Each structure stands twice: as structure tokens, then as C-alpha cells.
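Taking it in order: structure first as C-alpha cells, then the write-up.
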Amino acid sequence: MRIQLAAVLVVAGSPAWAQDRPAITPSRDVAVTYRVTTDGEAPSEIRTAWLAARSLMRMDLPDGQGWMILDKTSGRAFMVTEAQRRILDMPGNSLPIGVAPDASARFTREGRARVANTDCVNWRMEGQAQVARICLTGDGVMLRRESLEGQRAGRLEAITVLFAGIMQFDL
């Protein structure tokens, strides 16, 4: 479940207040550390880094489980588990629910908030297999996500946000 909840980090957009549907990728480079809580499990942390110009995201999974690279342009991803010396290719149609909203997802703006000392807009997102509340910055960075219906309860919330010129990460 943590890996699925972690994968929802890709549900990030760049909403202007007038939009009915936010974009789903950050518009500038950013590194975010999130606290993840799910029912019945101890909280954990996930680190992410976005290379906006290339639409790439690296996610370091909790407890040293491994890391994932997502290429939003191609819709493909792979996950590395170093302890097992394994690489798992994840084609776009097999990514966990929440990686990106389906085309029919509806968004409703719910107001402004502040998470990790950063302003964001709350959106209610309703899709075929998920209902969630997400808080997105004007730069398209997701700062918080709460599952509301259709999946196991969980919450993802930014605890640090660092905007930078050129982010680098190892592949």
C-alpha cells in the first residue's frame, strides 16, 4: 500500500484559481519530502525530486525499499529494489491507481491552504477508482493528498519543499 500511496505523488498540477482542472506535473524543479500515513501502519517518509523540463520524477521509497523513476512524457516507470538487485519495468497501464487521474476525473476547487510553509489550493478529485482531496501549488506541486473514497484510507503531506534551478538525481 505504501508504494501505491507513494505513487500518487505524480498527481501534481499547476492550477491557476480560474482553472476547472489543474495540470498534473510541476512546472519547475522541486524536491519534496512527504510524511505518509495509512491505516494500521506506522508513518513513514518519501523523498521526491522533479526535473520539470524533462517531466521526470525520482521517488525514494520509505524504509530503503528502493526507488522509482517516472517519465511522464512516455507514461513509463521503473522501480529499483537494490536489496533484491531487481528492476521492475512498469508500463503506464500497470501503474498503481493515483499515479495520474483518469481522463474523466472531475476536479472541484475547495479553497486555499498552507502546507510546509507553502501556499496551495485544495481540489476534490473524483475519478473512476478514486476520490481524493489534493492541495496543489501554483507551480503544480502536490503538497497534500487525502484518500476520501474508493481506496484504502491514507494521507500524504509535504514536510519540506525545496524549489531549485537544476535538480539532479542518479538513475
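The values are calculated or read from the model by the stated rules, or taken from the named source; none is laboratory data. Model, not experiment: these values are computed from the prediction. Positions of Cβ are backbone-derived with ideal geometry, glycine not excepted, and every protein chain shown enters the neighbour counts. Accessible surface is based on the protein model in full, side chains and every heavy atom, while ligands, DNA and RNA are left aside. Shrake-Rupley method; radii C 1.70, N 1.55, O 1.52, S 1.80 Å.
The table below lists the values:
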read-out: Sole residue being more than 18 Å from ILE24 (Cβ to Cβ) and open to solvent by less than 60 Å² (accessible area, probe 1.4 Å), chosen from ALA132, ALA153, ALA158; value: ALA153
read-out: Cβ-Cβ under 7 Å pairs, at least 6 apart or on other chains, the stretch 129-151 side touching a residue at least 12 places away in the same chain (Cβ under 8 Å) and under 24 Å from ASP39 (Cβ atoms), far side open to solvent by less than 10 Å² (accessible area, probe 1.4 Å) and among the basic types (Lys, Arg); value: ALA132/ARG145; ILE134/ARG145
read-out: Residue count, the stretch 46-61 (criterion: basic (Lys, Arg) and not in a strand (DSSP E or B)); value: 1
read-out: The stretch 62-87: number of residues that are open to solvent by less than 90 Å² (accessible area, probe 1.4 Å) and part of a strand (DSSP E or B); value: 10
read-out: Qualifying residue in the stretch 109-121 (condition: farther than 19 Å from ALA49 by Cα, part of a strand (DSSP E or B) and under 16 Å from the mean Cα position of the chain (by Cα)); value: yes
read-out: Pair list, Cβ under 7 Å, 6 or more apart: the stretch 35-54 residue of a type in the set (S, T, N, Q), other residue open to solvent by 90 Å² or more (accessible area, probe 1.4 Å); value: THR38/ARG152; SER44/ASP63
